[in-house]
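So the structure is just underneath, and the comments pick up after that.
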Amino acid sequence: MVTKAIASYRMKSLDETLSQLSKEDCQLIAGGTDLMVQRKSPRGAPGRFDKPVVFIDHLKELKQIYRVNQDIHIGACCTYSEMMEHHLIPNILKKAMKEIAAPAIRNRGTIGGNICNASPAGDTLPLLYIFNAKIRLRSAKGERAAEIRDFIQGPRKVDRLKDELVTEIILPEVPEVQPYFVFEKVANRRADAITKISFAGSMRWDEGRIQDARLAFGAVGPTIVRAADIEQKLVGQAFPLNDKVIDGIVAEFESLLKPIDDHRSTGVYRKTVALNLLRHFLEVRA
Amino acid sequence: MIKFILNGKEVETVAPATVRLIDLLRDDFQLIGPKEGCGDGECGTCSVLVNQLVQNSCLIPIGAIEGAEIITIDGYCNTEQFQLLSECYSEAGAVQCGYCIPGMIMASEALLSQNPHPTEEEIREGISGNLCRCTGYNMIVDAIDLAAKKGDGLW
């Protein structure tokens, strides 16, 4: 077996890990389900990593799930499976996560990894955007939090400094009564396929009026698309929505979404399906 | 030095931490049960159990398995559960070329150990990460269903 010396670290605690990150620029590895594909070498050789690697998926500090008031805190290295089995994770999120990957990947891939990989097709991202998730980061120097829409800046690009580590994902003010919620993932295969287009939507109504509406599209742009101004136009509308309102909302997204052609799909297909999924979601009657 | 438990025995390796578990198992430990199909985590034929959970060994850097318990088909085939699965796969005609089977069996074990009496839908979900290009899956689903029925109390 080829042995190429690249340092690797697997610290006993989060503090030791942060201390290592403050000393040199390292590649963090959580579950590795994306990285090990991106950095794949010929069989038997170490992965193509160009800087020291730091394993973090064993750190207990990054595996907690707990609630503070109405906020749900999820440790960045919780796997999909761990989240799906936890009583504090909202059922609508658990059900949506069943659509992602397959058991073997869900037992390994982490929520923090999916965020930091920042793929336009990242499966948890539309869901986290709908929940207005916050990203909590720590370094040896201190701590900060960022909105997910600010944290993810583009394909493979996140607002994380070299000495920082994502410790938690916070779902703020999760209501007791869960809204109407839809998550659709379109791909070549039900399991284990990279998304061509994904859509997440949530809507709450009371006494025949829409109280809250959130719409998120994945894989139709460099980052997840949400549009607060369009969502706001739904608030206060009579429920069920009439055709005129639905047509208006679909038309707004028609000019907003600009998906690209790539090896997985075409821009035309992505846009057509995205708008169909949106329309289907808005047509809910009860 | 990375130490872990492989099919019930404590083992260690000095291989670099970003080597894939599939390569370590096949090349260094000569455990050629797990196969490499896609190398991308999409086909499942490299599946092994890591602390009782089914995972793709092509996606696991060995640095992450320090202290973990790994079971491959090569170790699992000495169990009563394997014997039954083997009989049921055979009875249902669930094996043709056989390349997917090491992974299918590990996914079957992972499913039945968590859910001894799965519905058809749950079986299909349980093996959804495993591709088979011969059978069309129905015989494999039948085999797992048969094992669940015959193996009442085994899992």
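Rounded to the nearest Hz, the phi-derived 3J(HN,Hα) couplings of region A:86-103 under the Karplus curve 6.51 cos²θ - 1.76 cosθ + 1.60 (θ = phi - 60°) are 8, 5, 7, 6, x, 4, 4, 6, 4, 5, 5, 5, 5, 7, 9, 6, 8, x, where x marks glycine and proline. The three principal axes of the Cα atoms in region A:8-55 give end-to-end lengths of 34, 19, 15 Å, sorted in falling order. For the peptide B:61-68, the mean number of other protein chain Cβ atoms found within 10 angstrom of a residue's Cβ is 6. Computed 3J(HN,Hα) for region A:114-126, one whole-Hz value per residue from the Karplus formula 6.51 cos²θ - 1.76 cosθ + 1.60 where θ = phi - 60°, is 4, 5, 6, 5, 6, 6, x, 9, x, 6, 7, 5, x, glycine and proline marked x. What are the residues whose amide H is under 5 Å from the amide H of residue A:197, where those residues sit 5 or more places off or on another chain and H is modelled from the backbone? Placed amide hydrogens put A:186 under 5 Å from residue A:197.
So between residue B:9 and residue B:66, what do we pick up on full extension, going 0.36 nm a residue minus the alpha carbon distance?
Numbers: separation 57, 0.36 × 57 = 20.52 nm, distance 1.37 nm.
Result for the pair: 19.2 nm of gain on full extension.
Ordering B:120, B:42, B:10, A:99 by the number of other Cβ atoms within 10 Å of each residue's own Cβ, fewest first, gives B:10, B:120, A:99, B:42.
Taking amide H positions as modeled 1.01 Å from N, with prolines and chain starts lacking one, the residues under 5 Å from residue A:133 and 5 or more places away or on another chain are A:148. Scalar couplings 3J(HN,Hα) for region A:20-32, obtained by applying the Karplus form with A = 6.51, B = -1.76, C = 1.60 to θ = phi - 60°, are 4, 5, 6, 8, 8, 6, 10, 9, 7, 10, 8, x, x Hz; x denotes Gly and Pro. Helical content of chain A, expressed as a calculated mean residue ellipticity at 222 nm, amounts to -7500 deg cm²/dmol (DSSP H runs of 4 or more residues, -39,500 (n - 2.57) each, divided by residue number, nearest 500). The mean count of C-beta atoms from other chains within 10 Å of the C-beta of residues in B:117-127, rounded to a whole number, is 1.
Could you state, as a whole-number percent, how many of the C-alpha pairs of the protein assembly as shown are farther apart than 35 Å?
On the way: 32771 of 97020 pairs.
Value for the protein assembly as shown: 34 percent of Cα pairs lie more than 35 Å apart.
Ranked by the mean number of other Cβ atoms within 10 Å of their residues, highest first, the peptides A:250-256, A:57-63 come out as A:57-63, A:250-256. Summarising the amide proton neighbourhood of residue B:19: residues at separation of 5 or more, or on other chains, whose placed amide H is nearer than 5 Å comprise A:47, B:62, B:63.
Taken together, the values in this text are just the output of simple stated rules run on the coordinates, not laboratory data. Values in this document were obtained by computation on a predicted structure and should not be read as measured data. Don't worry about glycine lacking a Cβ; one is built from the backbone with ideal geometry, like all the others, and counts go over all protein chains shown.
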